[in-house]
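Take a look at the structure set out below.
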Amino acid sequence: TPSVGVLALQGDVREHLAALAAAGVEAAQVRRPEELAAVDGLVVPGGESTTMSKLAALFGLLEPLRARVREGLPVYGTCAGMILLAEKILDPRSGQETVGGIDMIVRRNAFGRQNESFEAAVDVEGVDGGPVEGVFIRAPWVESVGGAVNVLAEHGGHVVAVRQGNALATSFHPELTGDHRMHRLFADMVRSAA
Ligand code: GLN
């Protein structure tokens, strides 16, 4: 059974651990470089991307994260996690760094204040059985992608799910629903990379 870590610096770690377990993989919290080195895949949760990137730097995880992602570690970022996996943020806060891994530019809080939180059915390429329930909480969208990036889903004309090689990202939070299809898709990516 592959072991999938959840970056446990900030954000909705517990919900991802439960969803991964339901998707049939071993799930473990990752806070230290040694823990990162031991996993076969990594989820970067939702939360607050500036805080997460600052804590990653503080915990000495930013460079190890960049290195493992560069080497092809399967990663899945939701919401703030999507922002962390972007090569570029359109409107970064000062000191906000990313891990990178997906050749995309993301816009933070893109869906705006009026719609700070909403749910919508989202059709995701590669996920069978009908649309997933997309939970969007101050969510980013993908402003533009490079040629190596597959767009998996759009909402309202904006890109909200992408994949590049072993890196997957969604603007929304499948870990907050009882639907584990996105986590099963990621578990399959981890199994085939292992
Ligand atoms: N708006 C948050 C950020 O910029 C992300 C929100 C979320 O993860 N639900 O980090």
In the stretch 50-96, which residues are within 14 Å of the ligand (Cβ to nearest atom) and touching a Leu at 6+ places or on another chain (Cβ under 6 Å)? M52, L55, A56, Y76, G77
In the stretch 185-194, is there at least one residue being of a type in the set (S, T, N, Q) and touching a residue at least 12 places away in the same chain (Cβ under 8 Å)? no
For the stretch 12-41, which residues satisfy the criterion of being within 16 Å of the ligand (Cβ to nearest atom) and either of a type in the set (D, E) or in contact (Cβ under 8 Å) with a residue 12 or more places away in the chain (or both)? D12, V13, E15, H16, A19
Residue that is under 24 Å from R66 (Cα atoms), among the β-branched types (V, I, T), modelled with pLDDT of 95 or more and in contact with a strand residue (DSSP E or B) (Cβ under 6 Å, 6 or more places away or on another chain), where the choices are V149, V122, V135: V149
Check every one of the helices (runs of 4 or more DSSP H) wholly within the stretch 10-117 and list those with 3 or more residues that are surrounded by fewer than 20 Cβ atoms within 10 Å (Cβ to Cβ) and aliphatic (A, V, I, L, M). 13-22, 49-58
Out of the stretch 133-155, which residues are within 16 Å of the ligand (Cβ to nearest atom) and in a strand (DSSP E or B)? E133, G134, V135, F136, I137, W141, V142, E143, H155
Does V99 satisfy the criteria of being in contact with an Asp or Glu (Cβ under 6 Å, 6 or more places away or on another chain) and within 21 Å of H183 (Cβ to Cβ)? no
Just wondering, is there one or more residues in the stretch 20-29 that are touching a Lys or Arg at 6+ places or on another chain (Cβ under 6 Å) and of a type in the set (A, V, I, L, M)? yes
May I ask you to list the residues in the stretch 22-40 that are farther than 15 Å from V99 by Cα and touching a Pro at 6+ places or on another chain (Cβ under 9 Å)? V25, E26, A37, V39, D40
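The rows are residues; the columns are (1) hydrophobic (A, V, I, L, M, F, W, C); (2) within 16 Å of the ligand (Cβ to nearest atom); (3) crowded, with 21+ Cβ neighbours inside 10 Å.
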residue: D123; (1), (2), (3): no, no, no
residue: V127; (1), (2), (3): yes, no, no
residue: G130; (1), (2), (3): no, no, no
residue: G157; (1), (2), (3): no, no, no
residue: V160; (1), (2), (3): yes, yes, yes
residue: L168; (1), (2), (3): yes, yes, yes
residue: H173; (1), (2), (3): no, yes, yes
residue: D179; (1), (2), (3): no, no, no
residue: A193; (1), (2), (3): yes, no, no
Taking F136 as the residue in question, decide whether it is farther than 13 Å from M104 by Cβ and touching a Gly at 6+ places or on another chain (Cβ under 6 Å). no
If you go through the stretch 34-46 one residue at a time, do you hit one that is in contact with a strand residue (DSSP E or B) (Cβ under 7 Å, 6 or more places away or on another chain) and under 17 Å from I105 (Cβ atoms)? no
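The values are calculated or read from the model by the stated rules, or taken from the named source; none is laboratory data. Predicted model only: the values in this text are computed from it and were never measured. Here the Cβ is made from the backbone with ideal geometry for all residues, glycine too, and neighbour counts use every protein chain on show.
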